[in-house]
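Participant: Okay, handing you the structure first.
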Amino acid sequence: DNLNINKKYKTPEEVLKVLFGYDTFRPGQKDIVDAILDGRDVFAVMPTGAGKSLCYQIPAMMLDGITLVVSPLISLMQDQVNSLNEAGVSAAYINSSLSDRDLFETVKKTGNGEFKILYVAPERLMTEGFIELAKSVNISMITVDEAHCISQWGQDFRPSYMKIVEFVKILGKRPVISAFTATATETVREDIVCTLGLGNPYVLIGGFDRENLYFQVDKPKNKEQYILDYIANHPNESGIIYCATRKNVDSLYEILADKGIAAAKYHAGMNASERKQMQDDFVFDYKSIVVSTNAFGMGIDKSNVRFVIHYNMPQSMENYYQEAGRAGRDGLDSKCILLFSPQDIVINRFLLEHKEVADIDPADLETIKERDNQRLQVMERYCYTTGCLRNYILKYFGENHENPCEDCGNCNREFETLDMTDAAKKIINCVYEAKGRYGRGIIIDTVLGAKTARLKEVGATNYKSYGVLNSIKRSMLMRVIDQLVYEKYLVVGDYQVLKMGDIRRLKDSATSVMVKITDEDKRPEKARKVNK
Ligand code: ADP
Ligand code: ZN
């Protein structure tokens, strides 16, 4: 309403050019800046790399007073402040990494109005010292970065984010509030707007599509070999390989090192100086590849990453799109490849089960676990879908595209569609007989009528289903099961066991199970050794 705009710069374009060196705004940026300068709250959901920071940094420079940016990550704050200072913007941060002395200095300078932008950790907001400081200065805007952290529906809920709400209340004059996130489903979006009390905000959702990214899911028998081949075929390209665990990082790193491939590695088990070294080696192109857990990447702005390979399936689409989105920030064509094996689901279940939930009320734990599990299932279905991968991702983030992109692993794959309803029903009968105790290996062996000791041991050789599909190829049966899981007729339980899902629809004779198959599925099968 009565926002004061200083006269230092004439237009947002001027700030963009003078301070940041860019000529044009990216889609969405200008509208957000204008809305803020009009005194309107803003809520923007934009993917990683879209350029959210400038959306609040530019108005911050044009408004009188100071902009507070609430941000959850210390490393991110430091990076942002460093690059702002380099651009000639007076900015600072207040978080637990500051020494008492630096804290004192920062507070003093803030009080003197020396900063245009102050980053602050959410835990700090409601401390006595900070409240006093906040009341003594003119806060024109509060920016909430990673705004999804305020939602209990989101995956990184941080109770300390609720302090923002309290903090705004105790300020005499309510500043403009702008909130940004890269990941928010519809529920989370509504929650953010409501919790932060945004009043008639300008909302921008989208720009999620990154046209230069090529999405692909592969299920190689040997992931290490796949990666070695990929690197051999893409020499000198910069890439990130994400693994689910430190152990995977270490072993893949060893394998690459053995082959003489210059890679860096990164995980939280390494000490700070090792990590810094590895990060620099990668960022400054001394090593073109980094093998890492998802600890790597926060705040890393390396533009020429040509591929992001996921050695394991991540825990959620949010994670996946954020990590994969680190490819191709320069706008050039880049690949995002997910290597899937059913084992990944087991690993992720374990990781979620043992996830550290720091400041969460135990009462919320059940709900959080449940939601984690749902997100994992959505991720799993991404690996099974034979539809357009790009559309699958965009739909999850709220963008509906009618037509397949014609430029992803699935769109480019030759699928033949077969009606496998009969086999599907037989498999379901077998799962029923197995009483949800066994994984796909045993189920497939059973319907194939394999003569293995294990089948005898579990009594599957006596099932009615034993041998009923002995004329069908194993890989085809895998596809059928994939499809049954995808359509929720079957459910994958702990330890990968197959359980009955909702099969009511299948009772309708008009319902069929169509399975898309690839060329690989049609190749003759290698004889399998059977251990008697
Ligand atoms: P996000 O926070 O959305 O992940 P950033 O704010 O870190 O993205 O921006 C990603 C990169 O894009 C940064 O290197 C930034 O300088 C650059 N960038 C942002 N806006 C523009 C623009 N209008 N023109 C060119 N580059 C831009
Ligand atoms: Zn597609």
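Only the coordinates and a few stated rules stand behind these numbers; no lab work does. Note that the structure is predicted; figures quoted are calculated from it, not measured. Backbone-built Cβ (ideal geometry, glycine too); neighbour counts: all protein chains shown.
Participant: What spacing in nm lies between the two simple spin-label points modelled at residue 456 and residue 432, each 7 Å away from Cα in the Cβ direction?
Facilitator: If labels sit at residue 456 and residue 432, their model points lie 2.9 nm apart.
Participant: If eta is 1.002 mPa s and T is 20 °C, what Stokes-Einstein diffusion coefficient results for region 405-510, Kirkwood Rh from Cα pairs, in µm²/s?
Facilitator: Answer, rounded: 148 µm²/s.
Participant: Once you sort the root eigenvalues of the Cα gyration tensor of region 1-99 as a ≥ b ≥ c, which label holds: rounded (a/c under 1.5), prolate (a/b larger than b/c) or oblate (the other case)?
Facilitator: rounded
Participant: Another question, then. Regarding region 334-437, what whole-number volume in Å³ per residue does the convex hull of its Cα atoms give?
Facilitator: Values: hull volume 18.9 nm³, N = 104.
Convex hull volume per residue, Cα atoms: 182 Å³.
Participant: Between residue 229 and residue 350, what length in nm is gained on full extension when 0.36 nm per residue of separation is reduced by their alpha carbon distance?
Facilitator: 40.6 nm
Participant: Please say if region 69-149 is rounded, prolate or oblate, where rounded means a/c under 1.5 for a ≥ b ≥ c the square roots of the C-alpha gyration tensor eigenvalues, and otherwise the choice is prolate for a/b larger than b/c and oblate otherwise?
Facilitator: Rounded.
Participant: Report, in deg cm²/dmol and to the nearest 500, the calculated mean residue ellipticity at 222 nm for the chain, where each DSSP H run with n ≥ 4 adds -39500 (n - 2.57) and the sum is divided by the residue count.
Facilitator: Dividing the helical sum by the residues of the chain leaves -12000 deg cm²/dmol.
Participant: Continuing with the same structure: List the lysines whose Cα sits under 27 Å from the Cα of residue 7, skipping any in the same chain fewer than 8 residues away.
Facilitator: 17, 30, 52, 108, 109, 116, 135, 173
Participant: Okay, next question. At 0.36 nm per residue, and after removing the present C-alpha to C-alpha distance, how many nm does the segment from residue 511 to residue 24 gain when stretched out fully?
Facilitator: Here the segment from residue 511 to residue 24 would lengthen by 170.1 nm.
Participant: A follow-up question, please. Which one, 238, 152, 126, is farthest towards the positive end of the dipole of region 107-240 when Lys and Arg carry +1 and Asp and Glu -1 on their Cβ?
Facilitator: Of 238, 152, 126, it is 126.
Participant: I've got another one for you. Where Rh denotes the Kirkwood radius from the mean inverse Cα pair distance, what is Rg over Rh for region 239-393?
Facilitator: Radius of gyration relative to Kirkwood radius: 0.98.
Participant: Using only the Cα atoms of the chain, what do you get for the radius of gyration and for Dmax, in Å?
Facilitator: Considering the chain through its Cα atoms, Rg and Dmax are 26.3, 85 Å.
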